[in-house]
Amino acid sequence: MKQMLGVLALLASFATPAFAQTSFTAPQLNITTAAAMDMAHYAVGLAENRHLRLCIAVEDTDGNLVAFIRMQGAYAGCVEASIAKAKSAARFARNTIEFFDAVRTQNLPIGFVPGILPSAGGAVFKQGDTVVGSIGTSGDTNENEQALVIDTAKHFH
């Protein structure tokens, strides 16, 4: 028994704090549920002030839905489009207008790449330089949707 305790003590002495804290995964910053709801409600406030009726989706960095609001009067067909725009922005860590502009100006066929939606109305939320989530809207013109997501993303902190 004393020998067993001695061996365990010896093994424990080899376990350094650095070794004990070694991890094989990296922490990923993600938008919280509370922040996602806040951003969705902020976007609704902007939309109401601009007399827009939109579907608004907020997603985490993996493109998973965290918050969603379909404003009264928003088209049912806009539900999936808003989610797809947020997913595209999140998974590629860029605003969807970049894909939209590339398709229009360079005639790039990126619309066939799975997960990319070349459309206005999707933007990322950043904490410093790190993308932590995204927003997607659908239900109005490209210009109005893009302005709304950009203004909402600026509000993120």
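The values are calculated or read from the model by the stated rules, or taken from the named source; none is laboratory data. Owing to the predicted nature of the structure, the values given are computational and were not obtained by experimental measurement. Cβ: placed from backbone, ideal geometry, glycine included. Neighbour counts: every protein chain shown. Protein only, heavy atoms only, side chains kept; ligands, DNA and RNA dropped before computing areas. Shrake-Rupley method; radii C 1.70, N 1.55, O 1.52, S 1.80 Å.
With respect to (1) open to solvent by 30 Å² or more (accessible area, probe 1.4 Å); (2) assigned to a loop (DSSP other than H, G, I, E, B), the lone exception for Ile116 is condition (1). Out of Ala34, Ala74, one residue alone is of a type in the set (Gly, Ala, Ser) and in a helix (DSSP H, G or I). It is Ala34. Regarding the stretch 46-69, can at least one residue be identified that is hydrophobic (A, V, I, L, M, F, W, C), surrounded by fewer than 10 Cβ atoms within 10 Å (Cβ to Cβ) and either modelled with pLDDT of 95 or more or not in a helix (DSSP H, G or I) (or both)? No, the stretch 46-69 contains no residue that is hydrophobic (A, V, I, L, M, F, W, C), surrounded by fewer than 10 Cβ atoms within 10 Å (Cβ to Cβ) and either modelled with pLDDT of 95 or more or not in a helix (DSSP H, G or I) (or both).
The numbered conditions (1) touching a helix residue (DSSP H, G or I) at 6+ places or on another chain (Cβ under 8 Å); (2) open to solvent by less than 40 Å² (accessible area, probe 1.4 Å); (3) at pLDDT 95 or above are all true for Ala153 except (1). For Asp38, are the conditions met, namely being out of contact with any Asp or Glu (no Cβ under 8 Å at 6 or more places or on another chain), at pLDDT 95 or above and open to solvent by 60 Å² or more (accessible area, probe 1.4 Å)? Here the answer is yes, as Asp38 does meet what is asked. Regarding the stretch 89-104, can at least one residue be identified that is in a helix (DSSP H, G or I), touching an Asp or Glu at 6+ places or on another chain (Cβ under 9 Å) and open to solvent by less than 30 Å² (accessible area, probe 1.4 Å)? Yes; the residues of the stretch 89-104 include at least one that is in a helix (DSSP H, G or I), touching an Asp or Glu at 6+ places or on another chain (Cβ under 9 Å) and open to solvent by less than 30 Å² (accessible area, probe 1.4 Å). Do any residues in the stretch 88-113 that are closer than 20 Å to Ile135 by Cα and in contact (Cβ under 8 Å) with a residue 12 or more places away in the chain have Cβ atoms under 6 Å from those of residues that are basic (Lys, Arg) and in a helix (DSSP H, G or I), where the two are at least six apart or on different chains, and which pairs are they? Close Cβ pairs satisfying both conditions: Thr96/Lys85.
Part of a strand (DSSP E or B) and either open to solvent by less than 20 Å² (accessible area, probe 1.4 Å) or modelled with pLDDT under 95 (or both), is that true of Ala26? Considered against the rule, which asks whether it is part of a strand (DSSP E or B) and either open to solvent by less than 20 Å² (accessible area, probe 1.4 Å) or modelled with pLDDT under 95 (or both), Ala26 comes out as no.
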